[in-house]
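The values are calculated or read from the model by the stated rules, or taken from the named source; none is laboratory data. The structure displayed is predicted, hence computed values, not measured ones. Cβ coordinates were reconstructed from backbone atoms using ideal geometry, including for glycine residues, and neighbour counts include every protein chain displayed. For the accessible areas, the whole protein counts, side chains as well, though only heavy atoms, and no ligand, DNA or RNA atoms are used. Shrake-Rupley method; radii C 1.70, N 1.55, O 1.52, S 1.80 Å.
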Amino acid sequence: MPLPAKVRLVEVGPRDGLQNEAQPISVADKVRLVDDLTAAGLSYVEVGSFVSPKWVPQMAGSAEVFAGIRQQPGVTYAALAPNMRGFEDALGAGVKEVAVFAAASESFSQRNINCSISESLQRFVPIMDAARQHGVRVRGYVSCVLGCPYEGQVDAAQVAAVARELYEMGCYEVSLGDTIGTGTPGATRHLFNVVGAQVPRPQLAGHFHDTYGQALANVYASLLEGISVFDSSVAGLGGCPYAKGASGNVASEDVLYMLQGLGIETGIDLEKLIEAGQRISLVLGRATGSRVARARNAC
């Protein structure tokens with residue numbers, strides 16, 4: 001299968017990247033990050049999350065961030081909305097696309113959201129109904145697709161079953177997430193072969209963590225399977241809570257550098273993306289997690 005001519009990067013740094021940060025990050029800094037990312041050419045940014053601040057304090061100002069950003073035409077500004085209260089709050093903030101998430105592992109589902117996979121999917125039914133009524137698009141996430149911190153290996157058929165339910169429920173796209181970063185290229189290709197038999201490949205995306213240093217290799221393996229949408233996080237924002245000290249999301253700059261080297265179109269300016277990562281890294285008081293950015297800055 002030939003490599004895709006064009007790839008869309010879904011930038012998750014402002015949400016998935018920042019949500020686990022312990023230090024407070026101002027609304028102004030979050031707004032600046034989102035605006036920097038769209039100025040670099042990103043056409044999809046996950047801006048925030050409408051969840052209880054009791055559970056995710058860092059996302060408490062998501063409505064204010066949406067109100068402050070300079071929304072550009074042709075750019076999708078999305079938010080996580082895991083329940084009806086979150087969806088209603090997102091709607092009130094003018095959000096036009098939301099994301100919901102389920103797990104491919106029963107143990108992870110129980111420990112993360114205190115319910116079974118089936119119960120979690122049922123919670124999304126009213127969200128999907130309301131989204132259709134209000135013209136809001138819904139994207140789905142499946143976590144632990146290549147390994148679970150509690151169960152170990154996860155059966156690709158189980159991933160396919162969850163992804164198919166999300167797709168049939170109305171999610172226009174389903175992102176498969178290697179939450180603990182243990183996946184390897186062979187397992188990744190097998191996963192997309194199995195899931196691709198249940199959900200059309202153009203409706204699938206990859207979300208790889210770099211805990212074991214496999215993220216870029218897994219992105220490339222996915223490209224070989226015809227996948228053309230990938231989630232990534234500027235400056236590699238977002239650690240992995242299941243492996244102390246380990247990296248989490250793959251850095252957007254590193255994915256972009258590889259895609260450019262393959263001659264794949266993205267519409268993103270690498271230098272501007274590096275600048276966006278540097279600016280938020282300074283706010284956080286640490287070096288960027290992007291190897292490409294570190295190499296460029298050392299020159």
Per-region count, the stretch 156-183, residues in contact (Cβ under 8 Å) with a residue 40 or more places away in the chain and out of contact with any Pro (no Cβ under 9 Å at 6 or more places or on another chain): 13
Any chance SER43 is open to solvent by less than 20 Å² (accessible area, probe 1.4 Å) and touching a residue at least 12 places away in the same chain (Cβ under 8 Å): no
The listed residue being farther than 30 Å from MET1 by Cβ and basic (Lys, Arg), out of ARG137, ARG164, ARG189, ARG132: ARG132
Within the stretch 118-140, considering residues that are open to solvent by 20 Å² or more (accessible area, probe 1.4 Å), touching a residue at least 24 places away in the same chain (Cβ under 8 Å) and not β-branched (Val, Ile, Thr), the one farthest from THR188 (Cα to Cα): HIS134
Residues of the stretch 112-142 that turn out to be under 13 Å from PRO82 (Cβ atoms), of a type in the set (Gly, Ala, Ser) and modelled with pLDDT under 95, as a count: 1
Among the residues listed as LEU146, LEU176, the single one being modelled with pLDDT of 95 or more, under 17 Å from ALA205 (Cα atoms) and assigned to a strand (DSSP E or B): LEU176
Subset tally (residues that are part of a loop (DSSP other than H, G, I, E, B), surrounded by fewer than 18 Cβ atoms within 10 Å (Cβ to Cβ) and at pLDDT 95 or above) for the stretch 50-74: 5
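Filter the stretch 243-292 down to residues that are assigned to a helix (DSSP H, G or I), among the hydrophobic types (A, V, I, L, M, F, W, C) and over 18 Å from LEU42 (Cβ atoms), then give me how many there are. Lay out the reasoning, then the answer.
Taking the stretch 243-292 as the starting set, the residues that turn out to be assigned to a helix (DSSP H, G or I) are 252-261, 270-284, 291-292.
Add one more test, that the residue is among the hydrophobic types (A, V, I, L, M, F, W, C), and what stays is 255-256, 258-259, 270, 273-274, 276, 280, 282-284, 292.
Cutting the leftovers down to over 18 Å from LEU42 (Cβ atoms) gives us 282-284.
Matching residues across the stretch 243-292 total 3.
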Filtered residue count, the stretch 177-199, keeping only those that are surrounded by fewer than 21 Cβ atoms within 10 Å (Cβ to Cβ) and aliphatic (A, V, I, L, M): 3
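Which of the following residues is in contact (Cβ under 8 Å) with a residue 40 or more places away in the chain, open to solvent by less than 20 Å² (accessible area, probe 1.4 Å) and of a type outside the set (Ser, Thr, Tyr): VAL283, VAL219, VAL229?
Numbers: VAL283 fails: open to solvent by less than 20 Å² (accessible area, probe 1.4 Å); VAL219 fails: in contact (Cβ under 8 Å) with a residue 40 or more places away in the chain.
When all the criteria are applied, what remains is VAL229.
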Breaking point among (1) open to solvent by less than 30 Å² (accessible area, probe 1.4 Å); (2) within 23 Å of ALA79 (Cβ to Cβ); (3) among the polar types (S, T, N, Q), for SER105: (2)
Number of the condition not met by ALA205 [criteria: (1) modelled with pLDDT of 95 or more; (2) part of a loop (DSSP other than H, G, I, E, B)]: (2)
